[in-house]
Amino acid sequence: MSKLLIACGGTGGHLAPGIALAEELQGRGHECVLLISQKEVDSALTRKYSHLNFVKTPGMAFAGGLGARLRSVWSMLSACLFARRLLRDEKPQLVFLFGGFLSVGLGFAARITGVPVALHEANCRPGKAVRLIKRLAHRVYLPDGLRLKGLSRNQVRYLGYPIRQDIKHILKAEAWKKLKIEVPNKLLVVIGGSQGAAALNDWVTRAFPELAQAGITVYCVTGLGKSALGTIHEVGANGEDISATFVPFSESMGDVLSAADLVISRAGAGAIAEIIHCRAPSILVPYPYAADDHQMANALVLEQYGACLVVPEAESGTLIAEVKDLMFNDWMLSQFKSNLARLDRFNSSKKIAADLEFLISEADARTGSAGKFAV
């Protein structure tokens, strides 16, 4: 059995695949320690995974004004010292980094102490952390088509985004029952990502009377701190009770996506991967202030495959019309689903886990410690 440290906290887009990979590795007999941030989103997402070992670590994103950036640098130095102590205590065979501010300190500490490093980039435009630490990694996992300067072909693998075991596509009627909602006609699901999206939440409130007249029920995952749990009602054109349900957070995104006839979502890599896995037709509204505009890049790739529609936030005035047109276009929804099914070709958790076992076995052979586990 081998031990791995996995830095995956800070956002749901980093934490969710970390959980997925840890579950796969643990199922293969390896021990995993997952490093998460002290943010509430991390605590909320980890509550249902009591079988995994999570450790909260210092660190904050390098952003904001001069004062915030200085605090961030100090925080990263603290994180590096914390990581060195953790490496000394845990003695892992490999460190796996999912990007973000938690990866920087651990990446440098691992390289200094000679522990092999693997790095995963989920977005179609790599983030600052990945660009900074890419040369520390023995293996880098990238989305299809992405190239990073300074990496050899032997370092790079294209194995996709690990999906948690509990994210599964189920029948709509079963999903509606699990979510405890009544859907007389069609269901629109609105998701702002792990951080929430005030712009999308406000749009739901404004648009709901018109959507209800078209017979469209709404289920909106608002994000922690963005809204309280609640339901509002309107009378549809045919006299039905049409509801809009607001929930701050969901531990069952597979059920939420499976319930939808159509999804409106931000375009983080994690959200897109789960949309693909659950075959959920979507309109993507990329967050316009995402670093390097990576959400727009992610969304346009999916649109090029004929698997979604992209609407920039600046054009959100067209969203109601787009929703009404697409929601009742069964042919187009069917095309989206077919194209999503073709894209869901990776079993990323298993393939990455197998490759990590190979990396560890190579490292063992080089250090003369082969025989710790079988590949």
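The values are calculated or read from the model by the stated rules, or taken from the named source; none is laboratory data. Since this is a predicted model, take the numbers as computed values, not measurements. Using ideal geometry, Cβ is built from the backbone for each residue, glycine included, and neighbour counts are taken over all protein chains shown.
Here are the numbers for the structure shown:
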item	result
Sole exception among (1) touching a strand residue (DSSP E or B) at 6+ places or on another chain (Cβ under 7 Å); (2) assigned to a helix (DSSP H, G or I); (3) within 25 Å of ILE181 (Cα to Cα) for ALA299, by number	(3)
Subset of the stretch 352-362 that is crowded, with 17+ Cβ neighbours inside 10 Å and out of contact with any strand residue (DSSP E or B) (no Cβ under 7 Å at 6 or more places or on another chain) - its residue that is nearest to ALA16 (Cα to Cα)	ALA353
Members of the stretch 271-296 that are outside any helix (DSSP H, G or I) and not hydrophobic (A, V, I, L, M, F, W, C)	ARG279, PRO281, SER282, PRO286, TYR287, PRO288, TYR289
In the stretch 130-146, residue surrounded by the fewest Cβ atoms within 10 Å (Cβ to Cβ) [restricted to those that are part of a helix (DSSP H, G or I) and β-branched (Val, Ile, Thr)]	ILE133
Checking THR113 against (1) surrounded by fewer than 23 Cβ atoms within 10 Å (Cβ to Cβ); (2) under 17 Å from the mean Cα position of the chain (by Cα), the condition it does not meet	(2)
Selected residue (criterion: nearest to GLY100 (Cα to Cα)) from residues of the stretch 302-320 that are in contact with a helix residue (DSSP H, G or I) (Cβ under 7 Å, 6 or more places away or on another chain), not aliphatic (A, V, I, L, M) and not in a loop (DSSP other than H, G, I, E, B)	GLU313
Scope the stretch 1-47; condition of a type in the set (Gly, Ala, Ser) and buried (at least 18 other Cβ atoms within 10 Å of the Cβ); matching residues	SER2, ALA7, GLY9, GLY10, GLY12, GLY13, ALA16, GLY18, ALA20, ALA22, SER37
Qualifying positions in the stretch 79-121 - in contact with a helix residue (DSSP H, G or I) (Cβ under 8 Å, 6 or more places away or on another chain) and small (Gly, Ala, Ser)	ALA79, ALA83, GLY99, GLY100, SER103, GLY105, GLY107, ALA109, ALA110, ALA118
Options ASP202, ASP144; residue that is touching a Phe, Trp or Tyr at 6+ places or on another chain (Cβ under 8 Å) and under 29 Å from PRO312 (Cα atoms)	ASP144
Tally of residues being assigned to a strand (DSSP E or B) and surrounded by 17 or more Cβ atoms within 10 Å (Cβ to Cβ) across the stretch 231-244	4
Set GLN165, GLN155: member being without any contact (Cβ under 8 Å) to a residue 60 or more places away in the chain, of a type in the set (S, T, N, Q) and at negative phi	GLN155
Count - residues of the stretch 186-220 that are surrounded by fewer than 18 Cβ atoms within 10 Å (Cβ to Cβ) and basic (Lys, Arg)	1
Lone unmet requirement of (1) more than 15 Å from the chain's Cα centre (by Cα); (2) closer than 15 Å to LYS350 by Cα; (3) of a type in the set (A, V, I, L, M) for LEU21	(1)
Matching entry among LYS180, LYS186 (being more than 30 Å from SER37 (Cα to Cα), out of contact with any Gly (no Cβ under 7 Å at 6 or more places or on another chain) and basic (Lys, Arg))	LYS180
Among (1) touching a Phe, Trp or Tyr at 6+ places or on another chain (Cβ under 6 Å); (2) surrounded by 19 or more Cβ atoms within 10 Å (Cβ to Cβ); (3) within 23 Å of ARG266 (Cα to Cα), the one test that VAL183 misses	(3)
Subset of the stretch 100-120 [touching a strand residue (DSSP E or B) at 6+ places or on another chain (Cβ under 7 Å) and outside any strand (DSSP E or B)]	LEU102, SER103, LEU106, GLY107, ALA110, ARG111, VAL115, PRO116
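Residue-by-condition table, conditions (1) in the same structural domain as ASP330 (by TED's automatic domain parsing); (2) small (Gly, Ala, Ser):
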| position | (1), (2) |
| --- | --- |
| ILE167 | no, no |
| TRP176 | yes, no |
| ALA198 | yes, yes |
| ASP202 | yes, no |
| PRO209 | yes, no |
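Residue by residue, here is whether (1) touching a Lys or Arg at 6+ places or on another chain (Cβ under 8 Å); (2) under 25 Å from TYR49 (Cβ atoms) holds:
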| position | (1), (2) |
| --- | --- |
| ASN123 | no, yes |
| TYR141 | yes, yes |
| LYS149 | no, no |
| TYR158 | no, no |
| LYS168 | no, yes |
| GLU174 | no, yes |
